[in-house]
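Inspection log for the structure reproduced underneath, given as structure tokens.
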Number of protein chains: 2
Amino acid sequence: MKKIYVVGIGPGEYEQMTIRAVKALESCDVIIGYTVYVDLVREHFAGKEFLTTPMKQEVERCRMAFEKAEEGKTTAMICSGDAGVYGMSGLMLEIGQEYPDVEVECIPGVTAAIGGAAVLGAPLIHDFALISLSDLLTPWEKIEKRLLAAAAADFVICLYNPSSKKRHDYLQKACDLILQYQPETLVCATVSQIGRDGEEKHIYTLKELRDLQVDMFTTVFIGNSQTREINGCMVTPRGYRV
Amino acid sequence: MKKIYVVGIGPGEYEQMTIRAVKALESCDVIIGYTVYVDLVREHFAGKEFLTTPMKQEVERCRMAFEKAEEGKTTAMICSGDAGVYGMSGLMLEIGQEYPDVEVECIPGVTAAIGGAAVLGAPLIHDFALISLSDLLTPWEKIEKRLLAAAAADFVICLYNPSSKKRHDYLQKACDLILQYQPETLVCATVSQIGRDGEEKHIYTLKELRDLQVDMFTTVFIGNSQTREINGCMVTPRGYRV
């Protein structure tokens, strides 16, 4: 059977990959991904064929992977974090319908929410909602509705894609919606470059977060009514009596 | 500096641990956890001191870890999946306030939502909410509110702790709440024993899921309006034009 692995490589540094992901990549002839991610793993998998496509060529990238697998080469499509969270595994399974003799196996990884939470302490210890602020593929009205619902039900919220050149005020808009239900003093945080050189974390109030400019390498955490700062960490207690 | 690692060991099989987690456990003198999880890693870390406490003794387990670290032994508290998602890292940071000379480092892992999603295909590819149905530490009214909010805003929903001896009808209750906003035909799924012997996945409609009995080793996935079944996989498309 011809084989494609769809592999989450974790937040960035090699050591945050799972053993299963490493073994899958070692077994491959071809490793395909967005340029930045391929550069993160290249040195650890010498002798492989590496192929990249730039951003916004996701469909082409997937087809390229299936074409390689059709040629009989064991192939991996890599994504940062987990391939199943805002990654390529959905698109790979959709396009895979056109290549019925290629088996697709998804290998999970540490997504930015999980990796960033560990950097911050324990913000996601209880129920949480993960929301992307990118409206490239989702109408903004739907994003707004989800932000309001999550804030009203007191979910901890983790935001992916909080900003870009064209969307410099989206984090502010998101905070304004959340402020309809949560107080200005709510404990929030950002983590940037998770698991990479220059990793940084900061804790803010929701009011401070609202007025912040963040970049696209930043993951944003918005606490719930129980979230606290403990010794510089962001912690959402689960309710144990200590 | 005295040191404790709080380590997510992934869904179960050794290969789903990250390299970072393996290295941390290798560096430890003492590995502490709930009995079932310690048994999962014991054979891979020969020569360590292993300590366990049964379920519902989480506070005692944390104190035991800090006492060992105070003695100068490098110690790891292990959790299945990720320690920061319904795991021990929050409690460890809370109790850590009493042991200011012990440094706590959280090492992320693949939580059941991420691991189970990879087994199913790509159900969590877009915005999702993670909700535990256990009311041991959370009032049921709050769980209800979150289920309704998540369904109303068309989040994909992943349910942890969908059942137990005392809570045999909670999944049914949850489905009934979701049915206020989503159709009976909504694509849902269960995965049990993720990454362990006997791993099983099943795809259901929301109506079928409502009438199902599941056990506590099962993670439940409830799709959104866009989720589809593709060749036996559960896939939530992200909106790319294929």
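Couple of notes before you dig in:
- Anisotropy class of segment B:135-228 from Cα gyration tensor, a/c 1.5 cut: oblate
- Label-to-label distance, nm, for residues given as B:Val36 and A:Asp176 (7 Å Cα→Cβ offset): 4.7
- When the Cα convex hull of the protein assembly as shown is projected onto planes of every orientation, the mean area is 20.9 nm².
- Computed on segment B:113-235, with alpha-carbon pairs under 8 angstrom and 6+ residues apart, the relative contact order is 32 percent.
- Percentage relative contact order, chain A, counting C-alpha pairs under 8 Å, at least six apart: 20
- Modelled this way, with points 7 Å down the Cα-to-C-beta line, the labels at B:Glu208 and B:Glu71 are 5.2 nm from one another.
- Peptide A:91-97 - average C-beta neighbours from other chains (10 Å radius): 6
- With a threshold of 24 Å on the Cα-Cα distance, the over-threshold entries among A:Lys201/B:Lys142; B:Lys2/B:Lys23; B:Lys23/B:Lys48; B:Lys165/B:Lys201; B:Lys56/B:Lys142 are A:Lys201/B:Lys142.
- Quarter the surface of the alpha carbon convex hull of segment B:69-144 and you get the mean projected area, 7.1 square nanometres.
- Partner chain coverage, peptide A:153-159 - average Cβ within 10 angstrom: 4
- For the peptide A:135-142, the mean number of other protein chain Cβ atoms found within 10 angstrom of a residue's Cβ is 2.
- For segment A:212-228, Karplus couplings with θ = phi - 60° (6.51, -1.76, 1.60), whole Hz, Gly/Pro x: 9, 9, 10, 9, 6, 9, 10, 10, 10, 10, 10, x, 10, 4, 9, 5, 9
- Hz values of 3J(HN,Hα) by residue in segment A:7-20 - Karplus curve (6.51, -1.76, 1.60), Gly and Pro given as x: 10, x, 9, x, x, x, 5, 3, 5, 8, 6, 7, 4, 4
- Ranked by the mean number of other Cβ atoms within 10 Å per residue, highest first, peptides B:163-173, A:20-30, B:89-99 order as B:89-99, A:20-30, B:163-173.
- 5 angstrom amide H check on B:Val187, placed H, neighbours 5+ away: B:Gly223
- With R₀ set to 22 Å, the beta-carbon distance separating A:His44 from B:Glu199 gives a calculated FRET efficiency near 0.20.
- Residues whose amide H comes within less than 5 Å of that of A:Cys28, counting only those at least five positions distant or on another chain, are absent (H built at 1.01 Å from N in the peptide plane).
- Ranking of B:Leu206, B:Leu212, A:Leu136 by neighbouring Cβ atoms within 10 Å, starting from the fewest: A:Leu136, B:Leu212, B:Leu206.
- Taking the DSSP bridge list for segment B:2-110 and keeping only pairs wholly inside it, about 5 percent are antiparallel.
- Here the residues B:Ile31, A:Ile230, ranked from fewest to most Cβ neighbours within 10 Å of their Cβ, fall in the order A:Ile230, B:Ile31.
- Taking amide H atoms as placed 1.01 Å from N in the peptide plane, the amide H of B:Glu103 lies under 5 Å from those of B:Lys2, B:Lys3, B:Ile4, each 5 or more residues away in sequence or on another chain.
- Remark: A:Asp135, B:Asp211, B:Asp197, B:Asp176 ranked as B:Asp197, B:Asp211, B:Asp176, A:Asp135, counting other beta-carbon atoms within 10 Å and listing the fewest first.
- Charge tally in the Cβ shell below 10 Å around A:Phe50, where Lys, Arg are +1 and Asp, Glu are -1, A:Phe50 excluded: 0
- Most tightly packed first, judged by the mean number of other beta-carbon atoms within 10 Å of their residues, the peptides A:177-183, B:80-86, A:62-68, A:139-145 read B:80-86, A:62-68, A:177-183, A:139-145.
- Hz values of 3J(HN,Hα) by residue in segment B:47-60 - Karplus curve (6.51, -1.76, 1.60), Gly and Pro given as x: x, 7, 8, 9, 10, 9, 10, x, 3, 6, 10, 5, 5, 4
Laboratory data are not the source of any read-out in this text; all were calculated from the coordinates shown. Nothing here was measured: the structure is a model prediction, and the numbers come from that model. With ideal geometry, Cβ positions are generated from the backbone for all residues, glycine too; neighbour counts draw on all protein chains shown.
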